[in-house]
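The values are calculated or read from the model by the stated rules, or taken from the named source; none is laboratory data. Please read all numbers here as calculations on a predicted model, not as lab measurements. As a convention, Cβ positions derive from the backbone with ideal geometry for all residues, glycine included, and neighbour counts pool all protein chains shown.
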Amino acid sequence: MITLQCPLPLRDYPNIVMGHGGGGKLSHDLVQHLFAPAFDNALLAPLNDQAVFAVEGARLAFTTDSFVVKPIFFPGSDIGALAVNGTVNDLAMSGARPIYLSAGFILEEGFALDDLTRVVYSMAEAAKRAGVQIITGDTKVVEEGHGDGIYINTAGIGIAPNGVNIAAANARAGDAIILSGAIGLHGIAILSQREGLRFDSEIVSDCAPLHDLVAAMLAVTQDIHTLRDPTRGGIASALNEIAEAAKIGIEIDERAIAVPRDVASACEMLGLDPFYVANEGKLIAFAPSEIAPRVVAALRAHPLGRDAAIIGRAVTAHPGMVVARTSIGATRVVDMMIGEQLPRIC
Amino acid sequence: MKSLDAYRDEVQVRAVFDQLARVITREWTLMEVCGGQTHSIMRFGIDQLLPKQIDLVHGPGCPVCVTPLELIDKALVIAARPNVIFTSFGDMLRVPGSTTDLFQVKARGGDVRILYSPLDALRIARDNPSKQVVFFGVGFETTAPANGMAVFQAKREALKNFSMLVSHVRVPPAITALMSDPANRVQAFLAAGHVCAVMGYWEYEPLAAQFRVPMIVTGFEPLDIANGILAAVRQLEQGRVEVENAYPRAVTREGNQPAQALIAQVFEVCDRKWRGIGEIPQSGWRLRDEFREYDAEQRFDVGSLHVNESPLCISGLVLQGRKKPNECVAFGKQCTPAKPLGATMVSSEGACAAYYRYARHTFAVVG
Ligand code: SF4
């Protein structure tokens, strides 16, 4: 007989709703109250984006992710490159160097072979760019109407250097919080395609592999405490997860966070908060404040980290809560998103 | 137009509040009518910078919050029907009805879709001739022109499978109701800039005179709100009562007249119930007789529904500025955005949601 340790938040939803996959509080509840207690083990318990474990002397990092993005081709990237980079980045966020990936395809009857070809070659190119090999895979086909053309699952293995111990729970009060660049590009690029919205200039996804950036930071110091790539749920959800896992408070300065003008006006128009919009090529790092400026310098020397900046610090006050200094110099809570962000009414 | 950043600049906002501190001599209670302004105030922490003598109370201007429970329950029944595609702006999906919400109807197989424009519902109707497409038309004067246009267009195309569940509300009768209430504390209003962009502010002039209450047309950025508050306090301190436009970059006295004409062509004024507040005479719009065939309430007979509001929820008092969200016993305890008891905790313009999302570090609430 399976019992739920803390069934309350789940009982409120007798069925899965879209928000359970949105990367916000509902996703988090599902993992914390269903998957984690059921699968109960020490490697899963920290709920990092990957597990790191030793096998005969080597420290391996292991992760998996599924990609169900619509539309499958969007400005700046596509589902194939996303499936490679997403998994590469989940490995990189433990400090590991990614080496091998698997690829599982769930295809819907009727899906165009031309589109599949484009996706697969895009994956191959992304793998080459990231220096990983796709060494095993699987293909299934579902009947028409039972899928969205194509879903891709990728799993990955990497090697974590000795002496590096990076995890959400390792963030410490006093750490500087570093963001590698401007936010919101991926989410708005997808939304602009999906909703047929037109902006002055095309907003292009930031989809990119981040392991090089991580290597650049580790070359400066091995003392990086926490890394996260703020994908679904945006930087707000990532920071909330870290605050909760490490039992620290987080203070950020809104003015230090770069939001491209087009992203800001798209968000304004749709009533969305850019802090919750997905990114696919950015990372957040927690490092001791003394070395943070050197880490930022190393990031800025890399093309993917040109706009890196210190955006705040970890504190002992208000553990588990993220508080932002607003543009007019007051403060506000930066909440964890509940489900999916919804466009406003007027 | 200046870029938005200029209206969010700390130095400029503080300069306005410095002037305010020099002008103010006593306590004043101001109400911002619009939930969008409530969110700006909490989102940017404007309330933290205000002189202590100013009590900002929040008004009934959130369309999601005031949509009556009966209508939400009707929406839930219609959306669950097999042959229906139910469309709405996103916020409405999470609002609790008596037993469930539209998200859960969707999860159980209902075809519920989020739209950005009511005209998209017409496209869906054209593409799905065998289905009935329903649009949940909520909102104040701001959304009425676009919603009216959708119905107008549907009639012109003689679309037989489109209808609208109408819950349109109007600001001026709500102000009359608030000011006529003996419990009223409001001494000046910040009128909603978006509403005035459509309707102008000529409608407010008789109200300001009748109730001797200054009304300042106010925008949504921190600098707009600061300027609106300063203008209101100046009038109060000087004993003036005027309708003043502090949002001239978007609002004129006459407003958008083609939009007003379209509203008048499609809708007529009616009495309407506001969730938590009750019926306010003349405070709504319904479709005119010529368009009645597009009224979802006419097209779908959902029988009689028994509505069931949470006994803890005081959102009606919150919407009338009589209580602050953190004065509700359920706030942040039984009621959070993940488990809302009332619509004001759900809507992106709801006052309870604004307090919880942005300002709970300033109250002793465990979330
Ligand atoms: S906190 Fe919740 S229960 Fe209380 S008034 Fe607001 S919505 Fe209603």
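In the set (1) out of contact with any Asp or Glu (no Cβ under 7 Å at 6 or more places or on another chain); (2) under 23 Å from A:Thr326 (Cα atoms), the condition left unmet by B:Leu190 is number (1).
Within the stretch B:295-318, the set of residues being crowded, with 22+ Cβ neighbours inside 10 Å and more than 9 Å from the ligand (Cβ to nearest atom) comprises B:Ala296 only. Here the condition is being among the polar types (S, T, N, Q), over 24 Å from B:Arg288 (Cα atoms) and free of Cβ contacts under 8 Å to residues at least 40 places away in the same chain; of B:Ser117, B:Ser180, B:Ser130, it holds for B:Ser180 alone. Report whether or not A:Arg118 is farther than 30 Å from A:Glu202 by Cα and of a type in the set (Lys, Arg). Criteria not met by A:Arg118. Taking the conditions (1) in contact with a Pro (Cβ under 6 Å, 6 or more places away or on another chain); (2) more than 10 Å from chain A (Cβ to nearest Cβ) in turn, B:Ile46 satisfies each one other than (2).
Residues that are touching a strand residue (DSSP E or B) at 6+ places or on another chain (Cβ under 6 Å) and within 10 Å of the ligand (Cβ to nearest atom) are absent from the stretch B:271-285 altogether. Does the stretch B:241-251 contain at least one residue that is within 14 Å of chain A (Cβ to nearest Cβ), more than 10 Å from the ligand (Cβ to nearest atom) and either within 30 Å of B:Ala146 (Cα to Cα) or exposed (fewer than 15 other Cβ atoms within 10 Å of the Cβ) (or both)? Checking the stretch B:241-251: at least one residue is within 14 Å of chain A (Cβ to nearest Cβ), more than 10 Å from the ligand (Cβ to nearest atom) and either within 30 Å of B:Ala146 (Cα to Cα) or exposed (fewer than 15 other Cβ atoms within 10 Å of the Cβ) (or both). Of the numbered criteria (1) within 16 Å of the ligand (Cβ to nearest atom); (2) crowded, with 22+ Cβ neighbours inside 10 Å, the one B:Gln334 fails is (2). Within the stretch B:319-331, the set of residues being more than 7 Å from the ligand (Cβ to nearest atom) and surrounded by 22 or more Cβ atoms within 10 Å (Cβ to Cβ) comprises B:Leu319, B:Gln320, B:Gly321.
Scanning the stretch A:33-77 for residues that are surrounded by 12 or more Cβ atoms within 10 Å (Cβ to Cβ), outside any helix (DSSP H, G or I) and without any contact (Cβ under 8 Å) to a residue 24 or more places away in the chain turns up A:Leu43, A:Leu44, A:Ala45, A:Ala51, A:Phe53. Can you pull out the residues in the stretch B:15-48 that are without any contact (Cβ under 8 Å) to a residue 40 or more places away in the chain and under 20 Å from A:Ser327 (Cβ atoms)? Residues satisfying the conditions are B:Ala15, B:Asp18.
The test for being among the β-branched types (Val, Ile, Thr) and either in contact with a Phe, Trp or Tyr (Cβ under 7 Å, 6 or more places away or on another chain) or at pLDDT 95 or above (or both) holds for A:Ile235. The listed residues are B:Glu32, B:Glu70, and the only one of them that is touching a strand residue (DSSP E or B) at 6+ places or on another chain (Cβ under 9 Å), charged (D, E, K, R) and part of a helix (DSSP H, G or I) turns out to be B:Glu70. Only one entry in A:Leu34, A:Leu8 is more than 13 Å from the chain's Cα centre (by Cα), over 19 Å from A:Ile284 (Cα atoms) and at pLDDT 90 or above, namely A:Leu34. Residue-level check: of (1) away from chain A (no Cβ under 14 Å); (2) without any contact (Cβ under 8 Å) to a residue 24 or more places away in the chain; (3) basic (Lys, Arg), B:Arg322 misses just (2).
Of all the residues in the stretch B:93-136, those that are more than 10 Å from chain A (Cβ to nearest Cβ) and of a type in the set (Ser, Thr, Tyr) number 3.
Within the stretch B:337-347, the set of residues being without any contact (Cβ under 8 Å) to a residue 40 or more places away in the chain and either over 16 Å from A:Lys25 (Cα atoms) or near the ligand (Cβ under 8 Å from one of its atoms) (or both) comprises B:Met345 only.
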